[in-house]
1. Between segment 103-130 and segment 48-70, how many Å separate their Cα centres?
2. For the chain, what are Rg and Dmax over the alpha carbons, in angstrom?
3. Can you give the FRET efficiency to the nearest 0.05 for residue 355 and residue 101, using r as the Cβ-Cβ distance and R₀ = 22 Å?
4. How many times 2.2 N^0.38 Å is the alpha carbon radius of gyration of segment 287-392?
5. Assuming a ≥ b ≥ c are the square roots of the Cα gyration tensor eigenvalues, decide whether segment 211-258 counts as rounded (a/c under 1.5), prolate (otherwise, with a/b larger than b/c) or oblate.
6. Tilt of helix 100-113 relative to the longest C-alpha principal axis of the chain, in degrees (0 to 90, nearest 10)?
7. Report the dimensions of segment 53-101 along its three principal axes from the alpha-carbon atoms, largest first, rounded to Å.
8. If you rank 179, 124 by fewest surrounding Cβ atoms within 10 Å, what's the result?
């Protein structure tokens, strides 16, 4: 089994994109590498394809999934690289750029999940044979793609309170509501402009795959070699989903399935789906240890450096200790736009809400005590804990999860359609 950092890197970086190499090729006019595919005005290099194929093979081996033959695996990997390249080209056209601050915050989160500091991350990656600078480039690309998907797909999806109420009404009394399901899928995609003959061929392929699965063939291996879904190279795994987070397409089907069962192909706008229930587990009431916090933030800027910001927050603290009202001062001077108008009040929050350095101060201070100034990546703060409580948040979480489930049920389908539309509109010439 590969160490945790490698698995995380693989999960976060599904496509090894090498823009610098592409630009070098186009600017010098020299053939520095073989071309696996031409994608609009860019290329996918054979070295990229080989590197990504090796990465996928290592991951499949670590997961215990049988590695498919190269003749089946390589086209799947190439298609993933092509899709990534198309999306990155669109990022450039619409002006999406990932700032160093955004990138560094993402890397800091990865470091935290691996119990190291961001300064230790390059060494950790090097121990796994991963070049840190390349890792940064690939991470920047993946963040850009996620921002593109939010722009093109997520931003167009809305969830109304009425939809949430109707969803919860439908779910009421269902045993599946508090259950969690681990599911996988194989998607045989069908373009929105497909002819009846193409649709019939896709349906036949889906039915053939279903018969092979019934005969005992490995689901993950067939997904790697045959699925057109985003998770194909992860063996089709969609991971754990709460009953109220299941995609609408599967919501009525999965709760009635047996562990290990594969359902017959299901038709949707994006194609034919084969879903497998890998496992299930029961849900319990959600009890949270919550804290009520308010704070004031002074953020350094072009005029106010960090030392000056610290002096300013220290002066603000002295004013409050001397009797000034915290909320009034926060409304006047705080640089946190999200809480400023609320007098710095962040409300009742559960674990994991705050940045780690902020959470450390919250955890270490008694209620109704004003903290000393402290620094986070956002600037200098003072905070006050107004109270702590143990709260049953099951109903609140149900509404949040219902909204998320509705959004995700729309998002999954819309993302597949969007990706296939981008693919259909692109000029792609494969050369392997």
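Quick note: the coordinates plus some simple rules give every number you see, no bench work behind them. Quick caveat, the model's predicted, so the values are computed rather than measured. Because the Cβ atoms are built from the backbone with ideal geometry, glycine has one as well, and the counts that use them run over all protein chains shown.
1. So the separation of the two Cα centres works out to 23 Å.
2. Considering the chain through its Cα atoms, Rg and Dmax are 25.2, 80 Å.
3. The formula returns an efficiency of 0.95 here.
4. 1.04
5. On the way: a/c = 2.47, a/b = 1.45, b/c = 1.71.
Oblate, since a/c reaches 1.5 and b/c is not below a/b.
6. Orientation of helix 100-113: about 90 degrees from the principal axis.
7. 41, 26, 12
8. The order, fewest Cβ neighbours first, is 179, 124.
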